[in-house]
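The values are calculated or read from the model by the stated rules, or taken from the named source; none is laboratory data. In this text the structure is predicted, and so the values were computed from the model without any measurement. Here Cβ is always computed from backbone atoms with ideal geometry, including for glycine, and neighbour counts include all displayed protein chains.
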Amino acid sequence: MESPILPSLAALAARVPDGAKLAVPTDYSGVAMAATFALLRRGIKGLHLVCVPASGIQAELLIGAGAVATLETSAITLGELGPAPRFVDAVKRGSIRLLDATCPAIHAALQAAEKGLPFMPLRGLIGSDLLKFRADWKIIENPFDARERLVAIPALAPDIALFHAPLADREGNIWVGRRRELVVMAHAAKNTLVTVEEVRKESLFEDEALTSGILPALYVSAVAEAKRGAWPLGLWDAYGDDEAALERYVAAAREEDGFRRILASWLARPQAAAAE
Amino acid sequence: MSAFSKTELLIATVARLLEGCRHVAVGASSPIPGAGALLARAQGTGAFRVNLLGSRRHNFFTSGGVELFDCAAEGRIDAFFLGGGQIDGEANINLVGLGRYPRTNLRWPGSFGSAYLYYLVPRVILFREEHSRRTLVDKVDFVSAPGASPPDVYRPGGPAALLTGLALFAFDKERRRFRLESIHPGHGLEEILANTGFAFDRPEEVPTTPGPDADQLALLRGRVRAELAETYPRFVASVLESSAA
């Protein structure tokens, strides 16, 4: 069998075509930032970005660079650092198509896809303006109780799921621990691309304590190693956010020129180049 | 009388609003509600569970992002917090932006889980520190989640209270109106009326919001501060006083 371990981030990034429906996790879940820089280096464009269920600096950079055509998300925020400036600007200019959602609707859409179902019913939502602007979401009657209306959320099967995790083995099994949303993303997606801090020689299945947190290689299309691959974000207990870098970003990206400069400097980082 | 800051008053008020809860979840970017929930837990004697989203240590969910929502749907979460760039007199909340959607003049992060949790969690506490006619409006520009629903929509949950930097309101589900419960020390009714964009009910004499007592302050400046620092380092460093200082 062909090895799922790729020699470089550039090789991984080459597997994401322009215009792909790309699913990415939220900031604290394991964000493949080094791979995102690789995508930006090759000038990716036209993405339909699905944030599971929200995003921060990753979506912000992709939007600022003009790589996103459609944004499907429950929120974009830089957390304690405040609003994401390039996202706010893009909305104001109308340069991206918005599919505003609520977190459980995105989870439900992926769950429908992983179960091979056409839709998932969801409570809530009725009376929210979100529903008015989502022609793809339909109000249905509860078939078991006509006194209740629910919302049907159609299945969402991303072309690609992309995330970062601490550990893989050579077969392409990934340890995701308790971040089960990464598993749902991978089940739902047609292809899953993963970057990891470390590729281990021994099979992850040899340690029974790890097995409940494994995403099996069955669902994984390709893996590339990326040390500190979530930078400037953190990765669980492995390392924290680079607060200083994120603060510099927010200060710089208020204006388009400042954004271009800091993005260029991040894309030229020697660590990133070395990892490739 | 022990001196306390405005932030400490808000945190103590949040803790009081959580009395009787067994499981409280706190969303991302919510340091004051998070501190209030941790204070309520620190004060509590019985089982009082807190889940801070975005925390590793104070979050016991193991089934991924969906577990919070499944838990709420099953009635396993007693209280949650929501905010909003705009909140109106019927407790509709707007987390999306100002102006005409989708090209809002000012865009906020987005609706997060509000369009679900607002319906399902029995005691939703609306928290918005800025109390002004900009934030408390007659009608929101975009309804992320409505304050009330018709009978054919499953809705065991909804707004219980609105806490701002000036006052505490309770929400009357029958009348679909807020009632002024108390005004924070140092502020008056005229100021509330001048800065609230919606009509509300009020008693003839409006009480003053009680501040934290010495025990609460000690917990807040010690244990709670330490617990919160993992998730909200900036907030803890810049806003919360330390007993060690």
## Note on the structure
Restricting region A:106-144 to residues that are part of a loop (DSSP other than H, G, I, E, B) and at the interface with another protein chain (Cβ under 10 Å from one of its Cβ atoms), the one farthest from B:Pro150 (Cα to Cα) turns out to be A:Phe133
### Query
For region B:216-245, how many residues meet the condition of being within 13 Å of chain A (Cβ to nearest Cβ), crowded, with 21+ Cβ neighbours inside 10 Å and of a type in the set (A, V, I, L, M)?
1
### Message
For B:Pro203, only one of the following conditions fails: (1) touching a Pro at 6+ places or on another chain (Cβ under 8 Å); (2) more than 24 Å from B:Phe80 (Cα to Cα). What is its number?
### Response
(1)
### Message
Show me the strands (runs of 3 or more DSSP E) entirely contained within region A:1-85 in which 1 or more residues are farther than 20 Å from B:Arg107 by Cα and either assigned by TED's automatic domain parsing to the domain that holds A:Leu182 or aliphatic (A, V, I, L, M) (or both).
### Response
A:21-25, A:47-52
### Subset of region A:145-189 that is more than 9 Å from chain B (Cβ to nearest Cβ), outside any strand (DSSP E or B) and acidic (Asp, Glu) - its residue that is farthest from A:Leu210 (Cα to Cα)
A:Asp145
## Note on the structure
Only one of B:Arg22, B:Arg41, B:Arg49 is buried (at least 18 other Cβ atoms within 10 Å of the Cβ) and either touching a helix residue (DSSP H, G or I) at 6+ places or on another chain (Cβ under 9 Å) or touching a residue at least 24 places away in the same chain (Cβ under 8 Å) (or both), namely B:Arg41
### Query
Is there any pair with a first residue in region A:128-146 that is touching a residue at least 24 places away in the same chain (Cβ under 8 Å) and a second that is surrounded by 15 or more Cβ atoms within 10 Å (Cβ to Cβ) and hydroxyl-bearing (Ser, Thr, Tyr) whose Cβ atoms are under 7 Å apart and which are 6 or more apart or on different chains, and what are they?
A:Ser128/B:Ser144; A:Leu130/A:Thr102; A:Leu130/B:Ser111; A:Leu130/B:Ser144; A:Phe133/B:Tyr101
### Considering residues of region B:67-87 that are touching a Gly at 6+ places or on another chain (Cβ under 8 Å) and outside any loop (DSSP other than H, G, I, E, B) only, the residue farthest from the other protein chains (Cβ to nearest Cβ)
B:Phe81
### Task
Kindly provide the set of residues from region B:88-107 that are within 7 Å of chain A (Cβ to nearest Cβ) and free of Cβ contacts under 8 Å to residues at least 24 places away in the same chain, ordered by number.
B:Pro102, B:Arg103, B:Asn105, B:Arg107
#### Entry: Top-ranked residue in region B:53-66 [being without any contact (Cβ under 8 Å) to a residue 24 or more places away in the chain and at the interface with chain A (Cβ under 8 Å from one of its Cβ atoms); ranked as nearest to B:His23 (Cα to Cα)]
B:Phe61
### Message
If I filter region B:33-52 for residues that are within 14 Å of chain A (Cβ to nearest Cβ), of a type in the set (D, E, K, R) and either in contact with a strand residue (DSSP E or B) (Cβ under 6 Å, 6 or more places away or on another chain) or more than 17 Å from B:Pro159 (Cβ to Cβ) (or both), do I get at least one hit?
### Response
no
### Query
Residue check: is A:Ala230 farther than 22 Å from A:Ser3 by Cα, at pLDDT below 95 and in the same structural domain as A:Arg86 (by TED's automatic domain parsing)?
no
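Conditions tested, residue by residue: (1) buried (at least 20 other Cβ atoms within 10 Å of the Cβ); (2) more than 16 Å from B:Leu180 (Cα to Cα); (3) more than 7 Å from chain A (Cβ to nearest Cβ); (4) at pLDDT 95 or above.
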site: B:Ser111; (1), (2), (3), (4): yes, yes, no, yes
site: B:Ser114; (1), (2), (3), (4): yes, yes, no, yes
site: B:Tyr118; (1), (2), (3), (4): yes, yes, yes, yes
site: B:Pro122; (1), (2), (3), (4): no, yes, yes, yes
site: B:Phe127; (1), (2), (3), (4): yes, no, yes, yes
site: B:His131; (1), (2), (3), (4): yes, no, yes, yes
site: B:Leu136; (1), (2), (3), (4): yes, no, yes, yes
site: B:Val143; (1), (2), (3), (4): yes, yes, no, yes
site: B:Ala148; (1), (2), (3), (4): no, yes, yes, yes
### Query
So, in region A:75-99, of the ones that are within 7 Å of chain B (Cβ to nearest Cβ) and farther than 25 Å from B:Pro31 by Cα, which residue ends up surrounded by the fewest Cβ atoms within 10 Å (Cβ to Cβ)?
A:Gly94
### Query
Say we look at region B:67-82 and pick out the residues that are among the aliphatic types (A, V, I, L, M) and within 11 Å of B:Arg22 (Cα to Cα); which of these is surrounded by the most Cβ atoms within 10 Å (Cβ to Cβ)?
B:Ala79
